Amino acid sequence: MTRASPDTADVLPRTGAAELLARMLQAPADAPALLCVSSRLAQHLFETHARAAQAQGLLAWETPQILTLDAFLQTAAEAVRLDLRQQGRALPQLLRPQQRRLLWRLTIDETRQEQPLLRAAEAAQLAAEAWDLVHEYELPLPLPATTPDVERFNHWAQQYRRRCQALGRIDAQGWRVALLRAIAEGQVPVPRRVVLAGFHEPTPLLRRLVTALQAAGGTVEELEPGGCEPRPRLLQAADAEQELRAAAAWAAARLREQPQQRIGVIVPDLGSRRAAVQRLFDEQLCPQADAVDAHSLARPYNLTLGEPLSATALPQVALRLLRWLHEPLPYADATALLCSPAWGGGEDERLHRAAIDARLRQEGHVEVSLEALRHYARSDALRNRCDALMALRQPQRRATAGEWVDVIGAVLQAAGWPGARALDSEEFQAHQAWGACLAEMGRLEPFLGRVPWSAAVAQLREIAEQTLFQPQSPASSVQVMGALEAEGLEFDALWITGFDDEHWPAAVRPHPFIPYALQRERGLPHACAAQELDYARRLTARWLAAAPEVLLSWPRQEQDRPLSPSPLLAPWLEGAEALPVQALPQSWLAQQDTPLEALLDAQAPPLPLDGRVQGGVRLLGDQALCPFRGFATHRLGARRLEVPRPGISAADRGNLVHRILETLWRELRDQQGLLALQPAQLEQRVGEAVDAALTRLLREAPQRLRPAMRTLEDLRLRRLLAAWLEQEKLRLPFRVIELEGRAPEQQEGGNGEVEFEGLRLRLRRDRVDELDGGGLVVLDYKTGARRKLPWTDERPEEPQLLIYALTGSAVLGVAYGRVYAGDTGFEGIAAAGEIAPGIAAWDQVRQTADATGWEALLGRWRGQLHTVAGEVREGWAAVLPKHPRQTCRDCDLHALCRVRESVAEVAEDEA
């Protein structure tokens, strides 16, 4: 307690750390209790005490009383309970933190009908915080109703107090009042001498405890903080990421030079940036964390502020399994669950589930149920597991929290959670923490009553979200902390980030449920700018004195917004340095002087002699776009996982058009058959074909075609096909001789294979028409946006029509049939004009007019495709996108080809 306050007339006497440790070792029975502001400081003092004992040659020593304020009060409370129990008396039971949160939420839920709230859970959290502040700062209840929010809190507080009384429970604030009174009256055995460590910002609770201890005849002192002369080094970073990376690199370098040093890095907003901080410190101090098989590594640094238990692997899987029992999961959650090793019967089952996940995605399941997994399962073990889980469903049951805890255990056991493999240390600790959450849920039974399964799972999820998980780790020389965790600690070197004017001093955050004027009057935290500035000055001064070497840094910008240094840095700004623009991981820098061997990796093995490769004619198109894309897609089989979306996909729409037109032309056979139909008859034929195609899609993929969507799609298709058939009527007379690769009278087959330039390719022409005057026209239906026409492209990206022309006989024209709303018609090229509107003669097209004839044009196309086919045969797989920006934007292979590192246009486009 370094600041005098209205409650304490004098600053507490101080004692030096060396003197205190000597006394604790010489006379442990009379040693004072050491109360620490944080568990981190307590651990540090424990270690310091142990080193001092070892320095004196001791092999064993008394465990010192070094504990946090909460632990001290808990110890005193247990003593009171034991004394009252021996006297045959009892106090009301103390509300546990989870019980208290639930009680506040139930209190607020009662009033939601009268006072609607958008976020009741957040309101409950704020109300609990306001209740604590009111009691800690001894504010009068009800508070002056200066705003509707304050008035609402007054009502909630009254209802909350009544609920506590009705349940016979006492709130933590009421318990502390009674406990401090008992300490002051000498009814609680407490140490005769107490030393406070790290309490530089004393709270009203601490002041009242000091008063109570002194009233009981005890003495209270303060541990003398260490001090170094402030000589900070100021560093300016380009942005927050570079700032953190530089801090991590600095810590790694210091650790290599002097492993025994105490190195600290303070990130004031660590709570909101924990993931980024861990990623960058792993990059510099623990690069092996990036390995594919890396798991629960022992990191050479300690990161404070654990993450919610619900965000860790095992509890996350458990919560998903419990939710999955009664409702489908969104596909992203389902993927994470199906691919997780934390449940089921081992690696073989996990791989089987992953394959099912890929199929479910491909088929467009935006939600995945247990029934879907059961349907696609091909192993008896997985089907039996699904059956066992579904047998535990109790959709109509309402039960107590304790009863649901038993069911939850049975469900997780049936699911094989937490998996067949042995748990590592971190997973074991998470498993233990999950068990504690279940125990907490069981204690909510008197408050929850009988609830359905969904409410029980939601409550368990809330408990897991409120439980911070910080796995125990070995002692480390590097400590990465938030602002409060560093209180009282001393270091050999310290780096403090985030010293920009927007974040330090911190912004004012008055509590919305307490009158602002009252907050400022009583000095509540974060109530006014002057108070925040004063606090920031004091904390900065303590940081500067915490180590002989202190570095202060700030970023120049945040996204597109420029930042300035904090005004608290004004005395030292003249000596500020700029960090180098490039701050690479240490593992990369270490390799800069290593001789590098250049290896050309663009050459893959040639094709087998039979020339067979998957992918059909699309292979040549992908090779033309980028040789690596052709190789990776068609020879390695690299495919991205599909991303399911509500409704039918573009591929579905294309397939529907193909099926409908195939059905119609198998019946009509030629243009004369089309022209012979009356409008009503044609409409009926189209309607029947549309209905048949939609019925088939509904049977194949009911998850994509909902009833409302079917109605809309039926209307769209009827209009679209009617417009297309009008275009067919305008053509020269024709007869259909091939549909989807087979004759109109054939019902099976259609996937022919041809040899083209040494490749064995599967061909399936959408349609081939024979003209009355002889000769064939090959049609390829297109239901999407326009792309570059292959006969105008020297390296054709869409070579299907060209290959159809080159592998057929008597082909006099090729054309796209654009069946697209607002863009319906033909687009093609032919030996002569007037075949159909939109199909031009070759000598009327600018890019082909220089050919000497139709046969010469076919020879040109063969030459172009010969080059591309030769690359495929020889295994040419260079990362050479044809149009870097567009080609790479439409590709999903970036993780394989790493084009961003080699092609500047792509990197710029991504940026």
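Computed over the alpha-carbon atoms, region 682-745 gives an Rg to Rh ratio of 1.05, Rh here being the Kirkwood radius from the mean inverse distance. Between Ala27 and Ser473, the FRET efficiency estimated from the beta carbon spacing at R0 = 41 angstrom works out to 0.75.
Each residue of region 567-579 was assigned a 3J(HN,Hα) from its phi angle through the Karplus expression (A = 6.51, B = -1.76, C = 1.60, θ = phi - 60°), giving x, 6, 8, 3, x, 10, 5, 4, x, 5, 10, 9, 5 Hz with x at Gly and Pro.
How long are the semi-axes of the equivalent ellipsoid of region 96-170, defined as square roots of 5 times the Cα gyration tensor eigenvalues? Whole Å, largest first.
Output for region 96-170: semi-axes of 17, 17, 11 Å.
The Gln74 and Leu636 beta-carbon pair, evaluated with R₀ = 56 Å, returns a calculated FRET efficiency of approximately 0.40.
Any chance you could list the semi-axes, whole Å, largest first, of the equivalent ellipsoid that the Cα gyration tensor gives for region 174-215, using √(5λ)?
Computed over region 174-215, the values are 18, 13, 7 Å.
The residues of region 782-888 present an accessible area of 44 Å² per residue when probed at 1.4 Å with all protein chains retained.
The label point for Val754 and the one for Arg873, both projected 7 Å from the Cα toward the Cβ, are 1.7 nm apart.
Across region 359-441, Cα-Cα distances exceeding 15 Å account for 70% of all pairs. For the pair region 773-850 / region 107-179, the C-alpha centres are spaced 75 Å from each other. When the Cα atoms of region 779-911 are aligned to their principal axes, the ranges along those axes come out at 50, 39, 24 Å in descending order. Note on Lys788: accessible area approximately 110 square angstrom, rounded to 10, probe 1.4 Å, nucleic acids and ligands left out.
Going by accessible surface with a 1.4 Å probe and the largest first, Arg795, Arg320 read Arg795, Arg320. Heavy-atom accessible surface of Ile356, to the nearest 10 Å², is about 10 Å², with a 1.4 Å probe and all protein chains retained. Only protein atoms count toward the accessible area here, which uses a 1.4 Å probe; on the chain, the carbon and sulfur part of that area reaches 51 percent.
Taking only the C-alpha atoms of the chain, Rg followed by Dmax gives 37.2, 118 Å.
Phi angles of region 395-409 translate, via the Karplus equation with coefficients 6.51, -1.76, 1.60 and θ = phi - 60°, into HN-Hα couplings of x, 9, 6, 10, 9, 7, 4, x, 5, 5, 4, 5, 5, 4, x Hz per residue; Gly and Pro are given as x. Cα-based values for region 110-223, radius of gyration first and Dmax second, are 17.9, 54 Å.
Pull out a ≥ b ≥ c, the square roots of the eigenvalues of the alpha-carbon gyration tensor of region 542-692, then state rounded if a/c is under 1.5, prolate if not and a/b is larger than b/c, and oblate in the remaining case. Oblate, because a/c is 1.5 or more while a/b does not exceed b/c.
With the cut-off at under 17 Å, measuring from each backbone N in region 175-207 to a point 7 Å along the Cα-to-Cβ line of Arg538 picks out 196-207.
Accessible surface for region 168-230, divided over its residues, is 41 Å² per residue with a 1.4 Å probe. What does the convex hull of the Cα atoms of region 618-880 come to per residue, in Å³, rounded to a whole number? Expressed per residue, the convex hull around the Cα atoms of region 618-880 is 140 Å³.
Rounded to the nearest 500, the 222 nm mean residue ellipticity of the chain from helices alone is -14500 deg cm²/dmol, with -39,500 (n - 2.57) taken per DSSP H run of at least 4 residues. Taking the Cβ-Cβ separation of Gln886 and Val643 as r and a Förster radius of 25 Å, what is the calculated FRET efficiency to the nearest 0.05? Efficiency computed from Cβ-Cβ geometry: 0.75. Cross-link reach is defined here as a Cα-Cα straight distance under 23 Å, omitting same-chain residues fewer than 8 places apart; for Lys729 the lysines meeting it are Lys782. Sequence-ordered 3J(HN,Hα) estimates for region 30-40 from the Karplus curve with 6.51, -1.76 and 1.60 and θ = phi - 60° stand at 9, 5, x, 7, 10, 9, 10, 6, 8, 5, 5 Hz, glycine and proline given as x. Here the spin labels are modelled as points 7 Å beyond Cα on the Cα-Cβ line, and at Glu577 and Arg716 they lie 6.1 nm apart. Here the ratio of the Cα radius of gyration of region 310-469 to 2.2 N^0.38 Å is 1.02. Of all DSSP beta bridges confined to the chain, the antiparallel ones make up roughly 40%.
The values are calculated or read from the model by the stated rules, or taken from the named source; none is laboratory data. Because the structure is a prediction, the values reported are computed rather than measured. Using ideal geometry, Cβ is built from the backbone for each residue, glycine included, and neighbour counts are taken over all protein chains shown. Just the protein is used for accessible areas: all its heavy atoms, side chains included, with ligands, DNA and RNA removed. Shrake-Rupley method; radii C 1.70, N 1.55, O 1.52, S 1.80 Å.
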